[in-house]
Structure formats: structure tokens, C-alpha cells
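What follows is a set of notes on a single structure, which appears directly below.
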Amino acid sequence: MTVSYPSQALLRQKQEALDFQDLQGLLRLEWKIGNISLFSGFYTRIDQVFILWGLICAGIFITAQFLPISWYQQAIGWSVLTAIATVAMVMLTWFWVNVENLRWLIYSWVGLMCAGVAITDLGIFLGWGAVLMNLCPLWLGVTAIGYLLTAWGVRSRAFLLMTGIHLGGLVLLPYCGGWQFLTTGLIMGISLLVLAELQWDMRPPIDSNFLTPEQKLFNKQQYQLRQIENLNKM
């Protein structure tokens, strides 16, 4: 089967003409001092998930690198936090994945997170040396699989790039010496925050049964506006 990818730039400035499913739960932030704007941005629920996981991933691996907390305490704390974040991910993305016909993708991410946590916790509590020595490669590999599935699902070269970055991290780790946890946290965290801040490429809107005729028409008009915007930038 031939898989086609959109001709848009992999990563670019965020588009203003959002589809109906992206407007649900949209978060707008604007920080000002007087009339001076310090920051202005908006985040869809998908972006919010990226930020959530980006902060969690960075926090987990940077904590493992620098703080003298026992592995058992970290395993319990981070497992609970990962479970909470996984539930939040499903809740935030559920409408979007239904519209985009990508429920299988969120199930895949949930499965990957559960498998990763299970292997990590078993390695820590049962003293499996092979797991303990390879926690960073384990999570880079799990995340790379998730990105690859996402790239296929949404037809995105940006997620293929993220897959390559995480696989490249696997190659880089042996040269990081005692800084493998920090390196892993930076790769995973920064990748997610970049995806949250920029617009990534994906296939055009589909004819979803979860949208009303009016909502489908709205998405069609928004898509046309984005096409015009892209042409004006060329």
C-alpha cells in the first residue's frame, strides 16, 4: 500500500484557521506588562497533551539524573503520575481522535505507556539488571514506536522526523557516559514542546461521521483558508 504525505512544511508557524475539532478546548495565553506583549500563543488539546508529556518526561529523567531519590520511590511516584497523565491524554484527545478516525492510535499510545511502565517497574522491584541498565534506550525506543505509528496515522513527516531523532538518541546514548538520563529527558521533552509550539504537517480533513454537515462545511472552509494562506507565503 502506498502511503502519501502532505506537501506542507514539516514544521511551521501555527495556522490560525483551525478545524472544528481543534477549536474544542483551545487554550489561548497572552502575557503583557502594560502595552508590551511578552508572550502570545494558543494551544489545542493535542498541544496541551504534548506539553503535559514534555514536562513529565523531562521531570522524570532529570530527577533520575540529579536527585538522590531511591529507585523504589521514583518508580512508585512516576508510575502514579504516568497513569494520571495517560488518563488525561485520553480525555483531552478523545473527541479529536474520533473525528480523525484515530482511536486505534490513542489505544496504541496507552498500550505503549503501560508496557513501558510495567517493564520499568518490574526491572526496579525485581532487580532485573538488563532492564535497569537500559531504561533510557527502553523509553527512547517506546517513544520512537509511538511516533512512527503517529506518523503513519496522520500522514506526517514531522512525526517521522521525531521517530528519527529518538532512534538517533539510541545511537548517541553510549557516548553520553553518565549523562544518559539527562540526554534522554532533553530529547523527549524538547521534542514534545517543539510539537506543541509549532504546526506539524498532516493529511487533509476527512469526512467524519462524528461531525454534523455544518461542522464538515466549516472544516472544508477552514482547509481552503489554510491553502490560500500557504500559497500567499510561497
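Just one of Ile165, Ile187 is under 16 Å from Ile56 (Cβ atoms) and either assigned to a loop (DSSP other than H, G, I, E, B) or free of Cβ contacts under 8 Å to residues at least 60 places away in the same chain (or both); which is it? Outline the logic, then answer.
Numbers: Ile165 fails: under 16 Å from Ile56 (Cβ atoms).
Within the list Ile165, Ile187, the selection yields Ile187.
Given the structure, is Phe50 touching a Leu at 6+ places or on another chain (Cβ under 8 Å), over 20 Å from Met162 (Cα atoms) and aromatic (Phe, Trp, Tyr)? Walk me through it before giving the result.
On the way: touching a Leu at 6+ places or on another chain (Cβ under 8 Å): yes; over 20 Å from Met162 (Cα atoms): no; aromatic (Phe, Trp, Tyr): yes.
No; evaluated as a whole, the condition is false for this residue.
Answer yes or no: is there a residue in the range 47-56 that is β-branched (Val, Ile, Thr) and in contact (Cβ under 8 Å) with a residue 60 or more places away in the chain.
Yes, that holds for at least one residue.
In the range 67-86, which residue that is polar (S, T, N, Q) and assigned to a helix (DSSP H, G or I) is surrounded by the fewest Cβ atoms within 10 Å (Cβ to Cβ)?
Only one residue fits best here, namely Gln73.
Taking Ala64, is it over 27 Å from Trp94 (Cα atoms) and surrounded by 15 or more Cβ atoms within 10 Å (Cβ to Cβ)?
Spelling it out, Ala64 is indeed over 27 Å from Trp94 (Cα atoms) and surrounded by 15 or more Cβ atoms within 10 Å (Cβ to Cβ).
Might you check whether a residue that is loosely packed, with under 15 Cβ neighbours inside 10 Å and either out of contact with any strand residue (DSSP E or B) (no Cβ under 7 Å at 6 or more places or on another chain) or assigned to a helix (DSSP H, G or I) (or both) occurs anywhere in the range 38-54?
no
Across the range 125-139, which residue is surrounded by the fewest Cβ atoms within 10 Å (Cβ to Cβ) among those that are of a type in the set (A, V, I, L, M) and over 16 Å from Ser70 (Cα atoms)?
Among them, the one singled out is Ala130.
Would you mention how many residues in the range 87-113 are exposed (fewer than 14 other Cβ atoms within 10 Å of the Cβ) and free of Cβ contacts under 8 Å to residues at least 40 places away in the same chain?
6
Looking only at residues that are polar (S, T, N, Q) and over 17 Å from Leu23 (Cα atoms) in the range 185-224, which one is surrounded by the fewest Cβ atoms within 10 Å (Cβ to Cβ)?
Asn209
Any chance you could count how many residues in the range 117-131 are aliphatic (A, V, I, L, M) and not in a helix (DSSP H, G or I)?
1
When the residues of the range 168-184 are filtered to those that are aliphatic (A, V, I, L, M), under 20 Å from Gly59 (Cα atoms) and free of Cβ contacts under 8 Å to residues at least 40 places away in the same chain, which remaining residue is surrounded by the most Cβ atoms within 10 Å (Cβ to Cβ)?
Leu173
The numbers here are math on the coordinates, done by the rules we state, and not lab data. Bear in mind that the values here come from a model prediction, so they are computed numbers and not experimental data. Don't worry about glycine lacking a Cβ; one is built from the backbone with ideal geometry, like all the others, and counts go over all protein chains shown.
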